[in-house]
Every structure is written in structure tokens, then in C-alpha cells.
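Colleague: Attaching a single structure in C-alpha cells format; questions to follow.
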Amino acid sequence: MVSTGSTSGGGQGPLGLPMAVPVDGLPAAVTIYEVGPRDGLQNEKAVVPVDVKAEFVVRLLAAGMPLVEATSFVHPQWVPQLADAEELMQVLGAAGRRCPVLVPNERGLDRALDLGLEHVAVFGSATETFASKNLNRTYDEQFAMFEPTVRRARAAGADVRGYLSMCFGDPWEGAVEIDRVVQAGKRLLDMGASQLSLGDTIGVGTPGHVKALVAAFEEAGIGPARLALHFHDTYGQALANVYAGLEAGVTTFDASAGGLGGCPYAKSATGNLATEDLVWMLDGLGIDHGADLAALVDASTWMAGHLGRPSPSAVVRALGTGV
Ligand code: MG
């Protein structure tokens, strides 16, 4: 959906939109998987009040985002920013039931299932070092932790997404072999994950690498319909990488409203691909995504006000009200 209108705050005139010029061979429609409330806010220094988080999620849903990952049921000791996971989902009520949540293990799954949630995600690493640093598990131990989590989630009727981080490079191990990523991803899918999100956690990937990785999955019998791509803009490559993914037939892309969050190990302040920047490109390509750009910019500008600093999204800065 292409939207018109103006951002709240007024006085800016009509919202700018790109001219839609489609390119043959790209998907007609894509799904944007919104990660701002979880991946974004978990990396904020400040703890955002639960009512602000809930309004952020509601605004993103109202902006047409079909999937808004709301929070993580990780132990509060590890991510104090998301210690209010139960409270947030209770505040959201019925609106939150269609929101995916992260569950690191069976205990997290129990918390999500107790609330009647139906979409969960597990978070694995393609590399040994990040499995150790992020999950306190060896590479193989992480799969042993996920297996009962995924199996029990599926038995309870929940859908499971598998995340894989460090798919394009690792800050400790350097280059990550494509075959290794395919092997790790296959293990998550074989367990019962319906979708695999390939994360460029430190933002080092480039378009040829994206195409080679998607092609390697296809050779292993995993087509682009089962993949999602999760890019970080640390080195300015995120949109180029999305375009490569579109050319390779991928139709799900993760993005974070306002460009919130990122990887704490990346040196640059820039992190997650901003949803608004993605939407601008998709609108320009005439690719349907269901989101209302003006409403997204409003939501991100509003959240930037709560966080006390401007959004890193180029599109929010260009279209927003200067918060
Ligand atoms: Mg991310």
C-alpha cells in the first residue's frame, strides 16, 4: 500500500514518496518482519516503560506491519531491558497474541505458552564463539537446547521461527563459510522451524555474498520462500543486500522501525536496517508490503522522542519532524 498524508506535528506539507518504477523479475509482494520492539529496545541502554513499549507495538501494528516481534522471554538477568515481557504481553492483550516473541529455551517457551502466544522464535548462532558468548553454550549444545523447545512449541500448536546470527561474518572468527551457515540453518529447519532468518549481525555482508548464500540453501533443498534476511547497516550495505535478496527470490525481510538497536559488538552506532528505509525502496520498486510509511515515520519519531535522541533512519530524518 502506498500512503499519502503528512506526519503528525504538522507544517511539513505532504509526505514525500518515491516514484514507483517496478523492475521485472522481483517479487510482487514481500513480508516485513518488524523487530524494533525486541531487537531494537533490547540494545537500548535505557529501560523503556512498559506502557511506552505497548504503544509502540500498537502503533506499528496500526501502521500495517503484519508481524511485530514484541519481546523476548530471556532470563531478566541477561536482558533487563525486556524483563517486563509478561507484563507487556498482558498490556497488549488480544493485539499481542499475533505478535511473535523470542524464547531462548524451554523455560522461555513455558512463559510464552502460559500467555497463550502462538508465534515464537529461537535464536541460534552459525559460529562457535558467538554461541558461547551469546548463549553460554557450545555450537552443538545450542541445538540440544533448541530441539525440545521447538518440538514442544510445535506440539502446542505454535509456529516457530529460527534465527541464525553471524551468517556473513563473526567479529571473533572472521569470515564464516557458507556451507557452515547452511548446515546450521538446516538443523533449525529440520527441528521444525517454519522459517529461517539469516542474520548479518555485524553488517559486513555484500550483495554477491547474499546471492551465494541463498543459492547454497537452494542447492541444499531449502528454497527462498523459507528464508528471511536480517541485515544491519553498519557498513552501509543493508539496502543493497535486500535488493540482492529480492533478486534471489527472498520475500521476507527483517527491519527495525526507526533503525532502533543493532549489535552491541559492532563499533558503529548504526545497526538494524530501518523499516522506513526498506519501505521507501519497496515503494519505489512498486513492491507491495502493506505498511503505511507516514504512520511508521510517526511511530519512530514518537519513539525517538521517548529515547531522547534522533532516529538513525535516513527516511525518518528526511520525513520526520526533527525530533
Ligand atoms: Mg538485528
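The values are calculated or read from the model by the stated rules, or taken from the named source; none is laboratory data. It should be emphasised that the depicted structure is a prediction, and the values quoted were computed from it without experimental measurement. For neighbour counting, all protein chains shown are included, and Cβ atoms are generated from backbone atoms with ideal geometry for every residue, glycine included. Surface areas here come from the heavy atoms of the whole protein model, side chains and all, with no ligands, DNA or RNA. Shrake-Rupley method; radii C 1.70, N 1.55, O 1.52, S 1.80 Å.
Colleague: For residues in the range 231-246 being open to solvent by 30 Å² or more (accessible area, probe 1.4 Å) and either within 11 Å of the ligand (Cβ to nearest atom) or assigned to a loop (DSSP other than H, G, I, E, B) (or both), which is modelled with the highest pLDDT?
Modeller: Looking at the filtered set, the residue picked out is Gln237.
Colleague: Moving on to the next point. It is to be established whether one or more residues within the range 216-227 are open to solvent by less than 40 Å² (accessible area, probe 1.4 Å), in contact with a strand residue (DSSP E or B) (Cβ under 6 Å, 6 or more places away or on another chain), under 19 Å from Ala255 (Cα atoms) and not charged (D, E, K, R).
Modeller: Checked against the condition, which is being open to solvent by less than 40 Å² (accessible area, probe 1.4 Å), in contact with a strand residue (DSSP E or B) (Cβ under 6 Å, 6 or more places away or on another chain), under 19 Å from Ala255 (Cα atoms) and not charged (D, E, K, R), the range 216-227 yields at least one hit.
Colleague: Only one residue in Val91, Val101 is open to solvent by 20 Å² or more (accessible area, probe 1.4 Å), modelled with pLDDT of 95 or more and under 25 Å from Leu307 (Cβ atoms). Which one?
Modeller: Just one listed residue meets the conditions, Val91.
Colleague: Residues in the range 299-319: is at least one open to solvent by 30 Å² or more (accessible area, probe 1.4 Å), of a type in the set (D, E, K, R) and within 16 Å of Val58 (Cβ to Cβ)? So that I can check it myself, show each step before the final result.
Modeller: Restricting attention to the range 299-319, the residues satisfying the condition of being open to solvent by 30 Å² or more (accessible area, probe 1.4 Å) are 302, 305-310, 312, 314, 317-318.
Okay, now just the ones that are also of a type in the set (D, E, K, R), so 309, 317.
Next, only the ones that are within 16 Å of Val58 (Cβ to Cβ) stay: none.
Checked against the condition, which is being open to solvent by 30 Å² or more (accessible area, probe 1.4 Å), of a type in the set (D, E, K, R) and within 16 Å of Val58 (Cβ to Cβ), the range 299-319 yields no hits at all.
Colleague: For the range 34-63, give me each residue that is within 12 Å of the ligand (Cβ to nearest atom) and buried (at least 24 other Cβ atoms within 10 Å of the Cβ).
Modeller: Glu34, Val35, Gly36, Arg38, Asp39, Gly40, Leu41
Colleague: As an exercise: evaluate Ala156 against (1) crowded, with 17+ Cβ neighbours inside 10 Å; (2) over 29 Å from Gly208 (Cα atoms) and give the number of the one condition it does not meet.
Modeller: (1)
Colleague: While we're looking at this one, here's another question. Based on what the data block shows, is Thr201 part of a helix (DSSP H, G or I) and among the hydroxyl-bearing types (Ser, Thr, Tyr)?
Modeller: Against the criterion (part of a helix (DSSP H, G or I) and among the hydroxyl-bearing types (Ser, Thr, Tyr)), Thr201 does not qualify.
Colleague: If I ask for residues that are open to solvent by 40 Å² or more (accessible area, probe 1.4 Å) and either acidic (Asp, Glu) or part of a helix (DSSP H, G or I) (or both), which ones from the range 126-147 would you list?
Modeller: Of the range 126-147, the ones open to solvent by 40 Å² or more (accessible area, probe 1.4 Å) are 128, 132-134, 136-138, 140-141, 144, 147.
Listed by number, the residues that qualify are Glu128, Ser132, Lys133, Asn134, Asp140, Glu141, Ala144, Glu147.
Colleague: Answer with yes or no whether Val176 is within 23 Å of Glu247 (Cβ to Cβ), open to solvent by 50 Å² or more (accessible area, probe 1.4 Å), part of a loop (DSSP other than H, G, I, E, B) and touching a Gly at 6+ places or on another chain (Cβ under 9 Å).
Modeller: no
Colleague: Right, here's the next one. Report yes if Gly249 is more than 16 Å from the ligand (Cβ to nearest atom), of a type outside the set (Lys, Arg), more than 15 Å from Met281 (Cβ to Cβ) and in a helix (DSSP H, G or I), otherwise no.
Modeller: No, not satisfied.
Colleague: Can you name the number of the only condition in (1) more than 19 Å from Asp24 (Cα to Cα); (2) in a loop (DSSP other than H, G, I, E, B); (3) in contact (Cβ under 8 Å) with a residue 60 or more places away in the chain that Asp298 fails?
Modeller: For Asp298, the failing item is (2).
Colleague: OK, next. What are the residues in the range 180-203 that are at pLDDT 95 or above, within 11 Å of the ligand (Cβ to nearest atom) and out of contact with any helix residue (DSSP H, G or I) (no Cβ under 9 Å at 6 or more places or on another chain), if any?
Modeller: Residues satisfying the conditions are Ser197, Gly199.
Colleague: Only residues that are open to solvent by 40 Å² or more (accessible area, probe 1.4 Å) and either of a type outside the set (S, T, N, Q) or closer than 15 Å to Ala121 by Cα (or both): list them for the range 179-208, please.
Modeller: The answer is Asp179, Arg180, Lys186, Arg187, Asp190, Met191, Ser194, Val204, Pro207, Gly208.
Colleague: Could you check the range 66-88 and list, in sequence order, the residues that are crowded, with 18+ Cβ neighbours inside 10 Å and not aliphatic (A, V, I, L, M)?
Modeller: Result: Glu69, Thr71, Ser72, Phe73, Gln81, Asp84.
Okay, residues lined up against (1) modelled with pLDDT of 90 or more; (2) within 16 Å of the ligand (Cβ to nearest atom):
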position	(1), (2)
Gly262	no, yes
Ser268	no, yes
Ala274	yes, yes
Gly290	yes, no
Ala295	yes, no
Asp298	yes, no
Gly305	yes, no
Thr321	no, no
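Colleague: Let me ask you something else. Could you list, ordered by first residue, the pairs with Cβ atoms under 6 Å in which the first is in the range 137-162 and over 16 Å from Phe73 (Cα atoms) and aliphatic (A, V, I, L, M) and the second is open to solvent by 10 Å² or more (accessible area, probe 1.4 Å) and at pLDDT 95 or above, at least 6 apart or interchain?
Modeller: Ala156/Leu113
Colleague: Of the conditions (1) in a helix (DSSP H, G or I); (2) open to solvent by less than 50 Å² (accessible area, probe 1.4 Å); (3) more than 23 Å from Val150 (Cα to Cα), Lys211 fails just one. Which one is it?
Modeller: (2)
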